[in-house]
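As structure tokens, the structure follows; a few thoughts come after it.
Nothing in this text is a laboratory measurement; each read-out follows from the coordinates by a stated rule. Everything numeric here is computed off the predicted structure, so don't read it as measured data. All Cβ positions, glycine included, derive from the backbone under ideal geometry; neighbour counts span all protein chains shown.
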There are 2 protein chains.
Amino acid sequence: MVHFSEDIISLSSSIIEKASKLNYRITLAESCTGGLISSSITAVPGSSNVFTCGYVTYSNHSKNRILGVPMDAIEQFGAVSDIVASAMAEGALALSKADISLSVTGIAGPKGGTKDKPVGLVFLSIAKINTDALIKKYIFAGSRDEIRRSAISAGLSLLLNQLQ
Amino acid sequence: MVHFSEDIISLSSSIIEKASKLNYRITLAESCTGGLISSSITAVPGSSNVFTCGYVTYSNHSKNRILGVPMDAIEQFGAVSDIVASAMAEGALALSKADISLSVTGIAGPKGGTKDKPVGLVFLSIAKINTDALIKKYIFAGSRDEIRRSAISAGLSLLLNQLQ
């Protein structure tokens, strides 16, 4: 069983309502959240009117091959970086011909953290046509599950906020 | 908050363990489950060793453009059909250069059902290199949530079973 809490469903419903009014199509590029933001939005009936597709680009290779994130950027700045987050959002937007995209890349742990990039570091990015990508940086506390949950809430909130 | 039950995490852990032993890379193409199977697998630490990427191809357009499912097949047989399920699995496998893929397409409801294709109808397909795609048909009972949950369990079980 998978259970979404009421706050997630409420945020997702608001996103679908707002995107429907704007006649906007949404796409997602998820790394550390592994498809959970797509799942949250599509948990709501009617989501097919606004949600076009999502990319769960977990490996570096898939970020490059599917979304067109330059390997140079991944190697130089790391997969968890502001540059890669915005390239993921822009890649998904271009590929899907959507109106707005949200990307997530982060270190959910328990392994993979470093001094400079600790477990809990998450970048979110929003891309819209003809607009520079917006990038947000977070450091979430807690377990792998808790970090993923925080990233979902922050991602949905940012997407809702940017739907205007 | 999103919560995965122990049976889902247990199935996902077994998939990761078995795929690691076989040195297999997994990809997913999800429609009605909206990313939940990718989320389940990536909920387990170590999943990045075997999970390469997932496609949440919700719209017909994205099934065609991203996974290469022929529009003719979607128009003739419907997005929820054995033909489209296997084309999704084969498209994801080819695109990701993975060793095994699982696809899911179904009618989670509450709307969208017909006499021939009721709410709860779900097709799963498994593709492996140089092997004909395997297709399974299910009719699940219950609400949208319950149908999605049944599809996740069935999908994870089928993937585990086919990892050999």
Value at 222 nm in deg cm²/dmol, rounded to 500, when DSSP H runs of n ≥ 4 in chain A each add -39,500 (n - 2.57): -13500 deg cm²/dmol
Beta bridges per DSSP with both ends in the range A:1-125, % antiparallel, nearest 5: 30 percent
Distance between the C-alpha centers of the range A:1-63 and the range B:36-92? Whole Å please. 15 Å
Test of understanding: ordering A:ILE37, B:ILE74 by Cβ neighbours within 10 Å, fewest first, what list do you get? B:ILE74, A:ILE37
Counting other beta carbons within 10 Å of each residue's own, what order do A:SER47, A:SER14, B:SER39 fall into, fewest first? A:SER14, A:SER47, B:SER39
Two-decimal Rg/Rh across the range A:6-162, once Rg and the Kirkwood Rh are taken from alpha-carbon atoms: 0.95
The protein assembly as shown - charge dipole about Cα centre, Lys and Arg +1 at Cβ, Asp and Glu -1, debye rounded to 20: 40 debye
Reachable lysines from A:LYS115, criterion Cα separation under 25 angstrom, eight or more residues apart if same chain: A:LYS63, A:LYS136, A:LYS137
How would you rank B:ASP99, B:ASP145, going from fewest to most other Cβ atoms within 10 Å of each one's own Cβ? B:ASP145, B:ASP99
So how far apart, in nm, are the two label points at A:ASP72 and A:THR114 if each is 7 Å from Cα heading toward Cβ? 2.0 nm
How far apart, in nanometres, would the label points at B:ASN161 and A:ASP145 be if each is projected 7 angstrom from Cα along the Cα-to-Cβ direction? 2.8 nm
What is the range B:20-164's relative contact order, in percent, from Cα pairs under 8 angstrom and six or more apart in sequence? 23 percent
